[in-house]
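Every number in this text was worked out from the coordinates using simple rules, so none of it is lab data. Computed from a predicted structure; not experimentally measured. Glycine also receives a Cβ, built like all others from the backbone with ideal geometry; neighbour counts cover every protein chain displayed.
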Amino acid sequence: MKKRQSIAGLILCCVMFCGCSPTSAPTESVTNTVDNTVNGVIDFSSSSTPGSSDSGSAGVEAFTRANYADLKMEMAAGSGEHVQALATLLDIPGEKRCRFFTLLKQEYGSLYPTPQTPPDVMLASLYTTMDAAGML
C-alpha cells in the first residue's frame, strides 16, 4: 500500500513541478516543433557527409542554435515546448522527462554561466551534466 502511495506521490510531484500536461494541445505543439526541426535537420544534413555517425548530435546542435533564446528561457523555468523538443531529440524516455526538466532548471547556472554563453558551450555542459546524473 505504501509503495502505491509513494508512486502516486511521485507522479503527482512530476505533474505539478514539471508542467506535464494531460491535454493534447501542448503535445501537438511539441510534435509540430519537433517535426519542423527534424525535417529542417534532415534537409541540412542530407547535403553533408552521408552515413555520419554523429547525425543525431548534429540535429541537436542545429536545433539548439536555431532555438537558443527560447531554450535558454525555458531551461530557466524547467518547462516549455522547446525543452520538450530537445528531450525528444536527445532520446530522453518519457519516464525520465520530468527528471530531465528538473535537471535543466536546477543546473541552469552551470549550463549558462554567463549571459553570453554560446550554444556549443551550453551543449557541452548539458552532456556533462546529463552524464553525471546518469541520463546518458
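For the range 101-121, does any single residue satisfy the condition of being surrounded by fewer than 18 Cβ atoms within 10 Å (Cβ to Cβ), within 16 Å of residue 66 (Cα to Cα) and of a type in the set (A, V, I, L, M, F, W, C)? Scanning the range 101-121, I find at least one residue that is surrounded by fewer than 18 Cβ atoms within 10 Å (Cβ to Cβ), within 16 Å of residue 66 (Cα to Cα) and of a type in the set (A, V, I, L, M, F, W, C), so the answer is yes. Selection of the range 78-111 for residues being among the hydroxyl-bearing types (Ser, Thr, Tyr) and out of contact with any Ser or Thr (no Cβ under 8 Å at 6 or more places or on another chain) yields 79, 88, 102, 108. Inside the range 68-94, residues that are closer than 16 Å to residue 115 by Cα and assigned to a loop (DSSP other than H, G, I, E, B) make up a count of 0.
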